[in-house]
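The values are calculated or read from the model by the stated rules, or taken from the named source; none is laboratory data. Values in this document were obtained by computation on a predicted structure and should not be read as measured data. For neighbour counting, all protein chains shown are included, and Cβ atoms are generated from backbone atoms with ideal geometry for every residue, glycine included. All accessible areas refer to the heavy atoms of the entire protein, side chains included, with ligands and DNA or RNA removed. Shrake-Rupley method; radii C 1.70, N 1.55, O 1.52, S 1.80 Å.
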Amino acid sequence: MSAGMSINDYYRGKGVLLTGGSGFMGKVLVEKLLYSVPDIGNIYILMRPKRGKSVYQRLEELQRLPLFDRIRNERPSAFKKIKVLQGDVLFENFGLSDMDVEKLSEEISLVFHFAATLRLEAPLKDNVNMNTCGTQRTLNVAKRLKKLEVFVHLSTAFCYPDYKILEEKIHPPTVLPSDIMRLIEWLDDKQLALLTPSLLGAHPNCYTYSKRLAESIVANAFETMPVVIARPSIVCPALSEPLPGWVDNLNGPVGLMLGAGKGAIRSMLCDGSLFAQVIPVDTAINAIIAIGMIEGLRKEKSDVIPIYNINTGHQKPTTWGDVLKIGKDYGRKFPLAWPLWYPNGDITTNYALHEFKRIFYHLLPAYCIDFLLLITGQKRFMLRVQERISQGLQVLQYFTMRPWTFPCPNFDAIESKLHGNDKTTFSTDLSNVEKEKYIQNCVEGGRLYCLKEDPTKIHLNKMYHNFLYVLDWIVKILFSLLIFSFLAKWFEPVKDVLSLGEPVVKLLPFLGPAVFDKSS
């Protein structure tokens with residue numbers, strides 16, 4: 001690497017092609033490049049029309065997000081460097097003409113391949129077509145770029161669940177990616193659904209499986225192309241840039257915290273003693289930008305494909321139990337608006353207990369709410385919401401019930417390869433971060449950017465929160481009395497014991513009539 005070269009020096013005048021630019025990490029990458037790498041060339045974002053909106057309308061909406069506030073306020077002219085390309089990784093050449101690709105070839109030096117479907121529960125065909133075939137199509141385009149210096153493939157740290165220690169190296173797939181790509185073309189959805197369990201093996205879902213196949217494809221291209229793999233762990237809201245707590249989706253831990261804060265999630269299978277393997281999105285993006293420079297300046301080709309496990313769980317060890325406690329305490333001080341019930345959920349490693357809570361705290365209330373909506377002529381939705389929550393929990397619980405170990409020597413060495421202010425501007429060290437403050441910012445980010453709640457109405461939220469607290473205790477007491485009344489009715493010894501407290505027991509609803517039933 002050239003001695004003393006800054007990231008801005010390296011990226012100066014260079015064109016960048018980004019797939020997945022409208023996604024969570026893609027948006028943060030664009031903003032960070034525009035703000036912290038002012039001399040960068042044009043940034044080409046691959047985008048498709050969506051929901052009746054053209055790619056130009058979507059780009060305008062993108063630029064109006066709070067995420068880009070500091071660009072709008074300080075460097076509005078930087079927006080001119082964003083060039084939108086109408087295309088899709090689901091098509092060969094992204095659906096672009098040969099002339100378009102030729103023009104890109106004269107300008108693009110770096111490719112960041114972020115496009116992927118993140119629906120962990122999606123079927124095999126969807127995941128493979130987007131994550132595996134999409135990667136192959138992107139590599140095919142990148143091969144035609146004359147000035148290409150580095151191709152950064154965004155993977156996931158969880159793509160090898162059959163290994164106890166997930167090192168910064170490639171493991172062979174159980175089958176050839178080309179075979180699977182042909183398979184999704186030949187077979188229909190029903191046939192694929194039958195084959196999927198045997199194909200997945202140790203993989204918990206089609207997402208991690210398709211990303212593993214994609215890594216194999218990228219590794220095969222290493223002989224002829226300057227490719228590198230970046231594997232972030234669970235990506236969470238921003239630590240500080242562009243805004244503390246910035247997030248635009250309810251995936252991962254922030255969705256769980258908000259779901260619990262809304263009283264919709266009351267139980268989850270999670271080992272609170274395990275360390276949370278997470279990374280703030282801005283820290284991950286800092287690493288990826290630095291990786292682009294480090295690998296782009298590499299003078300001698302390495303023997304094996306460079307791989308970076310982008311994870312900070314070892315820098316600031318935090319257990320899932322810590323995350324729950326901090327989030328819960330903060331949620332009680334500054335509650336979310338209009339929760340469905342008093343937010344008092346918990347985690348457990350006991351499958352039977354979790355299933356009991358899921359039935360009584362998730363499903364039964366959902367049926368009751370939908371029944372009330374039915375008789376009042378309103379549209380039912382609660383059961384559908386709980387079904388989606390159950391699906392999401394089932395997927396996430398695989399990652400929260402197992403220990404994960406990610407050695408990160410390449411990632412940890414990034415800061416030592418940066419110079420001057422880059423060590424601060426593109427910091428990847430979280431060892432001095434206050435985890436309580438960060439988790440609180442995550443909750444606030446979810447409140448502001450996902451739920452769109454007004455933070456000035458916290459005092460009203462507290463009043464409703466206190467009302468639900470009292471109501472929760474009343475329901476618990478009544479439910480307990482109902483259970484004991486059944487026991488007293490069917491088991492004489494229980495009735496005899498309870499009858500000893502006649503002055504009090506006879507006044508209690510459900511239990512009093514059951515214990516002192518004159519007809520018995």
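Of the listed values (i) 25.5; (ii) 29.7; (iii) 24.4, grab the one calculated as Kirkwood radius over Cα pairs in Å from the structure here.
Matching entry in (i) 25.5; (ii) 29.7; (iii) 24.4: (i).
Per-residue ellipticity at 222 nm for the chain, helices alone: DSSP H runs ≥ 4 residues times -39500 (n - 2.57), over residue total, nearest 500 deg cm²/dmol?
-13500 deg cm²/dmol
For the range 397-435 and the range 199-277, what is the separation of their C-alpha centers, rounded to whole Å?
15
Which one, SER485, SER427, ALA78, projects farthest toward the positive side of the charge dipole computed for the chain from Cβ point charges (K/R +1, D/E -1)?
SER485
Bin all alpha-carbon pair distances of the range 211-314 at 10 Å intervals from 0 and give each bin's fraction as a whole percent.
Reading upward from the zero bin: 13, 33, 30, 17, 6, 1.
Can you sort ARG380, ARG75, ARG51 by 1.4 Å-probe accessible area, starting with the largest?
Output order, biggest surface exposure first: ARG51, ARG380, ARG75.
Put SER54, SER233 in order of accessible area, largest first, 1.4 Å probe: what do you get?
Ranked list, largest accessible area first: SER54, SER233.
How high is the FRET efficiency between ASP39 and LYS147 when r is their beta carbon distance and R₀ equals 25 Å, given to the nearest 0.05?
0.90
Taking the Cα centre of the range 25-90 as the origin, how large is its charge dipole in debye, to the nearest 20, when only Lys and Arg (+1) and Asp and Glu (-1) carry charge on their Cβ atoms?
My answer is approximately 200 debye.
When the solvent-accessible surface of protein heavy atoms is calculated with a 1.4 angstrom probe, in what order do GLU74, GLU295 fall, highest first?
Per-residue accessible area, sorted high to low, gives GLU74, GLU295.
Counting only the heavy atoms of the protein chains, how much of LEU46 is accessible to a 1.4 Å probe, in Å² to the nearest 10?
LEU46 exposes around 10 Å² with every protein chain in place.
Before anything else, pin down the relative contact order of the range 1-71: Cα pairs under 8 Å, at least 6 apart, normalised by residue count, whole percent.
That works out to 34 percent.
Check cross-link reach from LYS211 to the lysines: straight Cα distance under 24 Å, and skip same-chain residues fewer than eight apart.
Qualifying lysines at Cα under 24 Å: LYS27, LYS125, LYS143, LYS164, LYS169, LYS190.
Can you list residues whose amide H is under 5 Å from ILE310's amide H, if they're 5+ apart or on another chain and H is modeled 1.01 Å from N?
ARG231, SER233
Taking Cα centroids, how far is the range 94-162 from the range 15-65 in Å?
Each part reduced to its Cα centre gives a spacing of 16 Å.
Where does the range 153-283 land on Rg(C-alpha)/(2.2 N^0.38 Å)?
1.27
Please sort 296-304, 398-406, 489-497 by packing, taking for each peptide the average over its residues of neighbouring beta carbons within 10 angstrom, highest first.
Top to bottom by mean Cβ count within 10 Å: 398-406, 489-497, 296-304.
Accessible area of the range 154-310 with a 1.4 Å probe: how many percent of it is carbon plus sulfur?
57
Starting from 0 in steps of 5 Å, tell me what percent of the Cα-Cα pairs of the range 62-154 lands in each bin.
All Cα pairs considered, the percentages come to 3, 12, 18, 18, 16, 16, 12, 5, 1.
Could you work out how far apart the two model spin labels at ALA193 and TRP338 are, taking each label as a point 7 Å from the Cα in the direction of the beta carbon, and quote it in nm?
Going from the ALA193 label point to the TRP338 one covers 3.6 nm.
Among the lysines, select those whose C-alpha is under 19 Å from the C-alpha of LYS423, and discard any that sit fewer than 8 residues away in the same chain.
LYS32, LYS316
Expected output is a single nm value to one decimal: the length gained when fully extending between HIS419 and LEU372, i.e. 0.36 nm times separation in residues minus the C-alpha distance. What is it?
Here the answer is 10.6 nm.
Using unit Cβ charges (K, R positive; D, E negative) and no other charged atoms, how large, in debye to the nearest 20, is the dipole of the chain about its Cα centre?
With only Lys, Arg, Asp and Glu charged at Cβ, the dipole is about 1060 debye.
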